[in-house]
Each structure stands twice: as structure tokens, then as C-alpha cells.
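The next block holds one structure in the form of C-alpha cells; read it before the comments.
Each value in this text was obtained by applying a stated rule to the coordinates, not by laboratory testing. Quantities reported herein were computed from a predicted structural model and do not represent experimental measurements. Cβ placement follows ideal geometry from the backbone for every residue including glycine, while neighbour counts extend to all protein chains displayed.
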Amino acid sequence: MINILFYKIPVFFRCLILRLLILTALQLTLLEASGQNLMGSGIIPKPVKEIRKDGFFTIKANTKLFFSDNQHVSLSFFNQYLRDLTGFSLSKSNLTEGNGINLVIDSALKIKPEGYTLVITTKRIDIKAIDESGLFYGLQSLMQLIKKNGKAIAVPAYYIKDEPRFAYRGMHLDVARHMFSVATIKKWLDVLAFYKINTFHWHLTDDQGWRIEIKKYPSLQKISAFRKETLIGHKRANPHVFDGKRYGGFYSQEEVKDIINYAAKRQITTIPEIEMPGHASAVLAAYPNLGCTGGPYETATFWGVFDDVFCAGNEETFNFLEGVLDEVIALFPSRYIHIGGDECPKTRWHDCPKCQKRIKEEKLKDEHGLQSYFIARMEKYLNAKGKKIIGWDEILEGGLAPDATVMSWTGLSGGIAAAKLKHDVIMTPEKFVYLDYYQSLNKSEQIAAGGYLPLRKLYDYEPMPAELGAAEQGYIKGVQANVWSEYMAEGKKAEYMIFPRVIALAEMAWSKKENRNYTDFLVRLNAGLKFLNGINYSSSFYEITGKSSPDGFSLQTDMPDAEIRYTVDGSEPTMNSKKYTSSVKLEKSATIKAKLFKGHYPVGKLYEQQIIRSLASDKTISLKNSGNGNYNVDKQVLVNGIPGSPIYNNGEWLGLSGTDFEAVADLGTEIIIKEISINVLNYQWQKMHPPKELIMEISADNINFKEVARQTSFKLEGLNVVLNKINPVTARYVRIKATNAGIIPDGFYGAGTKAWLMVDEIIVN
């Protein structure tokens, strides 16, 4: 009977129903395969335990919020959401409980701080916790469960027990490069609180501007808070171009207190950062006596690391910083004060008589020991005021201050080293959680700092280093995403970079490792995008991505119910273009263009990728030295047809730290060769230096090689294409050797450390 009725339905609707059934089955299969609870609540971050019960609780205008007098949890956030959704908010009652929404602090509850239980039946809702934060987070989860059906406001019945994996869940915001209004910061704090992020790290000072009012030092507001102009475009551009417009400002102490209080009502602790001993150009512009040379100095107008830092041999430096910190301490109730400690060149200290005198008097080993002295001295001062310090992982240089907490940003090693020394650690490695990195490889993407951090990569990052033992892992207190604002001059641009990646961090920081699943997260994220109303969030996580292999070029998307249509003739894809079903095999160079279609309509951005086919494509490659760190990629990327782009950590660049490059490509048979090419990257601001020399050789037997080209100059800042046309010669093997720059010399970022040598795409024709 059902079959007969089904076939009486018009063909179009029959097809639609079948398609929906197939898609539903596919989604269920994906979630089952990943071990997800198919009756999941949809809450982000994913709760520890959630069990669906029968029925719904209906929220009405006369529903009451019950809580005791001694509870101070903010209900305004919850009531404002209800008001926006329904037009009404709930009245409060000081009765212990009733048939409404009950908020109960229960000290006997077996749960972590900030955790909660949420029990929803057809008659009442109970949220219990051992602290106010837990009640607040229970309300945030309840908000995500509310369903509006016409005029009815219903909440599905659930039992949820939830608690955070990490105690520290943070987002850093740099306002030194570009400022954001108080209203904008508050809007972002609302979203952070909604997703249970509990720390706002406020980066208030840097070379490009001082952003907090310090009444003892008025010149900070008059001079240090402003720069004469700002760099236009990327800092890697050569030459630099500026806008010629004065830029600056600062937050008054009243504005600072307003933001701190606003965040606190949302269970967010605000931690200030006052940079020292480096990143001091703005301060030195106003107080040149605090530098080693006496100036003149100016507030920096472009981005980077600068040699002029606080003079560590000058007592006036410490008097000044103590005066600043006294006012900061009075404003910020947080346990921590962040003192920076990163990227402090030692050039000026090396040549400064006062600094050298300090090294001698304090019996320090060298300038690194002087930095350790500086940090330890400031820590002692702050400890006496009842505060603890946090510093970036360079505070490990010369020896770690006795009670310092380390933010591991340069990679994982700083956090691992600090934990082994029994110091608390916040994991914030730039390759995984820096939100100024590109989140898309699309050509239309707004300018970003460099590097590539798509949503999936951030979500999949595991902040607990496997190298640590169980006891050492106890020192990993949490994880943080960092927002550096060099290329975020406006709030909307910053929002595009922050959201939804910071939501992925929220789940990574809160949810159990075994409960995290990217496919499931995307389903919940997509359903919850309504909560980002008024936020200019990015949807790049649904864009087409591509990958090359010997089997061909493959295209992927995470967008559900979408077709990929593509072309290889340079034309724009339409609904009539070829549908992508399997890897595209290209016999000659071409540009593949692809677009997503849903219901015959194009959606999203155009995907475009140049594919280069040469005699070396997909041939066997042998390397003398493997890549290092994040650049230890599969050696076959050197001949996969995708040339390396200016986005250096997109998986296409092979990088060697301090070692030389030597690769041999086996073309499979002797063949006439007319040209050889390879790309090298020159980003000295990222410690990536071109080779001292690059040599190209050919051979018939892989034993006797003949040099055919040599190059020692790589003038372009950025991507250098090393193309050598040679007299036609028959050979089977091509060898390319490049000599690493070695130790980075003084005057360059990272002086004294190993240079990176970055190479990609060997092309032979």
C-alpha cells in the first residue's frame, strides 16, 4: 500500500524524498562510523555526557527562574536571548526551586569547577553546579537547546553532565596594531562566553602603539599611543608603502574597567599584557631615556621585530615599569599579569655599557642571562603584589623565572620544556591556533599574516603533548587562540578571521578528546550559525580544496548536498560543466577551476589551481636530508604539479632548518632536457632565507653528474622562481643542490638561530 501511494506522488517530489532519505542515511552512517551519539543535543562545545529523554519542556512568559539570594550568576545574558527570540524574558524568584528553571549550587556535586548538570523534564529544568561559572555555562547550553516552533518555545528533555577538559580556555586580542571599539570587544566577549571560553588575554602594548591609560606617565597617551602612519599591504612587500595618516588612541581606565566588569559577568577573566623587555618602540618614543642609545625613537609604523628595547642596565627602566604595573594591578583583578618576554633582540644590550655592567655585577653568563634577570626581577615585584606572571616561551632563554607560567607560541617545544621543569603551561603554538593566518587558499581571501590554518587543522590540534608523562601533563593548564591585528584594521575584518575558528578552539579546550569529531562538529556548527547573528563570520570551511597525487588531482568539500562542477580549459564552471566524481588525470599543464552547486545554483567561491605537468611530474625523488618540523612533508610534493605559493605552510613547501637541500629526480628514461626550474622562498621575517648558492646538475647513470646551472643571487622578497634554460642535453637524472644560509646573522629576525631553506616544485622540460 505504501509503495502504491508513493508512486502516485509526482516524479519531482519522489526524487526529492529519495534524495533526502539517501542523504539522511549517509549522514547517519558517517556519524555512526565516527562513534557519535545520534541523539546528540547539538551543543558546542560537545558535552561529556548527554542522554535524550522523552518529551519537551515549554517555556512560557510566566515561567520563572528560581535561584537563591547568595547566587550572583548573570541571568541577563540568558534573558536577553529569550527576549530576542520570543519578545519576553523571565522573572526571577528567590525561592529555592519550583516548576520552572532552577539554578542550584550544590557543593556535594561530584563535578569539576565550571562543570554542571542540566536535567530537563516535561515539568521543570534543573541546572546544578558547584560554582557560579557552572550555572552560567549550564544556561549557555540551555540556550542552544531552545527550539522555537511558531509561538511555542520548547526545550527537548535531556540529561546532560558536562565539565571542562582544561581550566584555561582563552582568546588573545592584539589592540596595539589596530584598535577595536569597546562595543565591538563586548560583542566578541558575548560570543566567547556563549561557547565557554573563560579567558580574554588583552595585548595592550607593542612597538606600534600603547593602548592603556597610565596616569603617572601622560606621555604614553600623548606620544606612545600614536604613530605617524601605517604600512599598506603586507610587510613582506618590498618596498614598503605607507598611508601617510596618523593613527592611534588608547582605552581610558574607565573603559578598561568597563570591559573587565563586562567580561567578569560572563565568567571571563581579563588578563592584561604589558610587553617587556622587547617590543618597546612606542614607549621609547615618549621616554627615550629608557633605551640603550637614548634615541631618537619613534612609534613603529610597520610590523616586525626591532632592535631598540628597554635598557636592562638602567634602574629608571625598572622604576618606570613598576609604576606602570602598579596602575595595571589596580585595574585588573586577574591572578595573572602577562609581561610578554618575546622577540627581544640582544643587539643593543651587547653594545650598551650599562647592560654590560649589569651582566658583570650580577655574574650573568651573557645577554640571554640578562633577559632572565629582567623577567625574574619583574616577577619578584609582581609576586610581592600578589600576582603571577605569564610570558611567551622566550622567557625560557637564560633560565626560567621561578614561578612563571609559559605560553608556548613558537611551537610545542617551549611548552614541553616548561612542563618538564614543573611550570604551568598554556599551549598556543602559532601553526595551530594563530587566527591571523589564512583560513582559505582562495585568491579572493583578505590579506593575512601568512601561513595556512583552515578550520579543520585548528579543530584537530591536540594541545596535550604526547611527549610528556602523566605527571608532566598536569602542568598543561589550557589552550589559547591568538588574534594579531596587523592586517585587521576593522572589526569586520577581525571577525572574519576569528569566527568560527575560535569556536573550534572552544570545543578543543572544553570537550573530551574522545568526544571530538570534525564531521559532527560541522553539523552542529552549521545548525548554530544563527547564534553568530551580527558577526561577519567566514564560511571558508565549506570551500573546495584540492590535492594532487600520482592518481590525479582530487577535489573535496565538506558542504553537504553539494555537487562540484569543474573545467580545465580556463572557462568558468557552470551547471553544464563536468561533474566531479573521481580524481582528474591531466596529461598536460592546465588550470583547474571548480565551483559548488546546490539545487542547480552556484554557491561559494570559485576554486582555481594551476597544475604544471613536466618530465619530472610524479617521478621518483630521493633526498639527502628530510624536511624539518611542520615542513617535513612527503618528498613527492616536489613533483606533484602544484607550485609553492606565498602561503608557506600549506603543505607544498619542503623546509630544512640549518641543513642543505639535495634532491635527485629520476625521469625514468634518458630524455632531452631543455630547462630546469625550482622555487625558493625568501621570507627573512619568518627566518626563511634563500640559499647561498643553488646548483643544477644532470646525469645519465646517477653517478657522474655534470653541472648545467648555478645561481647565488635571489633578490625577490618572497617567492623566487629559479628557471634555467640550458643547451639541449640527454639525461635521466636531475640533481639540485642548495646550500642553507646557516646561522641567521645579526640584524635579521631570529639572529643566532638556524635559517630555514624552503624549496618546492622541480620542473623539467
* the chain: calculated mean residue ellipticity at 222 nm from DSSP helix runs of at least 4, using -39500 (n - 2.57) -> -7000 deg cm²/dmol
* Structure fact -> Most exposed to least, judged by fewest other Cβ atoms within 10 Å, Ile447, Ile621 sort to Ile447, Ile621
* **When the convex hull of its Cα atoms is projected in every direction, mean area for region 37-162 (nm²)** => 7.3
* Structure fact -> Cβ-Cβ cut-off under 9 Å around Glu572, Lys and Arg +1, Asp and Glu -1: the net charge is +2
* Structure fact -> A correct Karplus calculation of ³J(HN,Hα) over region 178-190, with 6.51 cos²θ - 1.76 cosθ + 1.60, θ = phi - 60°, whole Hz and x for Gly and Pro, returns 9, 8, 10, 5, 4, 4, 5, 4, 4, 4, 5, 4, 4
* So how far apart, in nm, are the two label points at Asp701 and Ala237 if each is 7 Å from Cα heading toward Cβ? -> 5.5
* Report relative contact order for region 168-524 in percent, whole number only (criteria: Cα-Cα under 8 Å, sequence separation at least 6). => 17
* If each of Ser68 and Asp618 carries a label point 7 Å out from its Cα toward its Cβ, how far apart are those two points in nm? -> 7.1
* Asked: Over region 564-719, what relative contact order in percent results from Cα pairs under 8 Å that are six or more residues apart?
  -> 15
* Asked: ³J(HN,Hα) across region 53-67 via Karplus (A = 6.51, B = -1.76, C = 1.60, θ = phi - 60°), whole Hz, x for Gly/Pro?
  -> 10, 6, x, 9, 9, 9, 8, 10, 4, 8, 5, 10, 9, 9, 7
* To do: Once you have the Kirkwood Rh of region 210-277 from its Cα pairs, apply Stokes-Einstein at 4 °C and 1.567 mPa s and quote D in µm²/s.
  => 89
* Structure fact -> Taking only the alpha-carbon atoms of the chain, the convex hull volume per residue, in cubic angstrom, is 197
* **Geometric extent, Cα atoms of region 157-270 - Rg, Dmax (angstrom)** => 17.9, 62
* **Radius of gyration and Dmax over the Cα atoms of region 620-764, both given in Å** => 14.8, 48
* Asked: What size of dipole, in debye to the nearest 20, comes out for region 37-162 about its Cα centre when the only charges are +1 on Lys and Arg C-beta atoms and -1 on Asp and Glu C-beta atoms?
  -> 480
* To do: Under 18 Å Cα to Cα from Lys635, which lysines show up? Leave out anything in the same chain fewer than 8 places away.
  => Lys547, Lys619, Lys624, Lys737
* To do: Please give the FRET efficiency for Asp660 paired with Asn536, using the beta carbon to beta carbon distance and R0 = 41 Å, rounded to the nearest 0.05.
  => 0.35
* Relative contact order for region 37-162 using alpha-carbon pairs under 8 Å, separation at least 6, rounded to a whole percent? -> 34
* Could you work out how far apart the two model spin labels at Gln80 and Asp366 are, taking each label as a point 7 Å from the Cα in the direction of the beta carbon, and quote it in nm? => 5.3
* Beta bridge orientation in the chain: antiparallel %, DSSP, nearest 5 -> 65
* Structure fact -> For region 543-611, Rg(Cα) over 2.2 N^0.38 Å is 1.02
* Over all directions, what mean area does the Cα convex hull of region 539-669 project, stated in square nanometres? -> 9.2
* Structure fact -> With Glu254 itself left out, Lys, Arg at +1 and Asp, Glu at -1 over residues whose Cβ is under 14 Å from its Cβ give -2
